[in-house]
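Structure incoming, see below.
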Amino acid sequence: MLPEYEFYEGTWTYRSLMDDPDVETDFNDLRFGAGIITFGNIAYDQILDGKLDMGGGYELLLRGELQRNTGGIVGVRWTGTGITGTPTEGWVYDYRGERTPDWSGATDQADVIVGSVIRTVAHGGAPAGFSATFYMVKQ
């Protein structure tokens, strides 16, 4: 494993929120999704095995890649696909995220990725194209 992959591999607490600009909206009403993301093996910038477990049999298999520019890794992009025979069968979501910057002198700063998610394929009456913001904190 390359040292720069260590940040991404592992287990993350995932939360996504609806993009509602009304500051009066109750925070609990912004919830779109939550669960545990595990990025297993990453090789040649490819996420070879990952999973989003939302509990109750709601799981997505994750495949994707780390994104680079000349300065190194600048983000991560992956697709979550539902599993045949489960409540997520037919689901497809796409994710793009970036690592948050480190603060000099910060205390208790966690490893965090922030980004957006889009429902790529309609399912269960929910239309394709809906997007939300996510953040994930490394466990």
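Looking at the stretch 54-68, can you tell me whether even one residue there is open to solvent by 30 Å² or more (accessible area, probe 1.4 Å) and more than 23 Å from Arg119 (Cβ to Cβ)?
Within the stretch 54-68, one or more residues are open to solvent by 30 Å² or more (accessible area, probe 1.4 Å) and more than 23 Å from Arg119 (Cβ to Cβ).
Could you list, in sequence order, the residues of the stretch 6-31 that are touching a strand residue (DSSP E or B) at 6+ places or on another chain (Cβ under 9 Å), farther than 21 Å from Ala110 by Cβ and either open to solvent by less than 90 Å² (accessible area, probe 1.4 Å) or touching a residue at least 40 places away in the same chain (Cβ under 8 Å) (or both)? Full working, then the answer.
Initially, the stretch 6-31 is screened for residues touching a strand residue (DSSP E or B) at 6+ places or on another chain (Cβ under 9 Å), giving 7-19, 25, 27, 29-31.
With the extra rule that they be farther than 21 Å from Ala110 by Cβ, the set shrinks to 18-19, 25, 29.
Within the stretch 6-31, Met18, Asp19, Thr25 meet the criteria.
Consider Tyr44 against the criteria (1) exposed (fewer than 12 other Cβ atoms within 10 Å of the Cβ); (2) under 28 Å from Pro21 (Cα atoms): it satisfies all of them except one. Which criterion is unmet?
The one condition Tyr44 does not meet is (2).
Could you list, in sequence order, all residues of the stretch 74-86 that are in contact with a Lys or Arg (Cβ under 8 Å, 6 or more places away or on another chain) and open to solvent by 40 Å² or more (accessible area, probe 1.4 Å)?
Listed by number, the residues that qualify are Val74, Arg77, Thr79, Thr81.
Please go through (1) touching a helix residue (DSSP H, G or I) at 6+ places or on another chain (Cβ under 7 Å); (2) closer than 16 Å to Tyr95 by Cβ; (3) in a loop (DSSP other than H, G, I, E, B) for Tyr8 and return the number of the only condition it doesn't satisfy.
Only one criterion is unmet by Tyr8, namely (1).
The values are calculated or read from the model by the stated rules, or taken from the named source; none is laboratory data. Values in this document were obtained by computation on a predicted structure and should not be read as measured data. No Cβ is skipped: glycine too gets one built from the backbone with ideal geometry, and neighbour counts run over all protein chains shown. Just the protein is used for accessible areas: all its heavy atoms, side chains included, with ligands, DNA and RNA removed. Shrake-Rupley method; radii C 1.70, N 1.55, O 1.52, S 1.80 Å.
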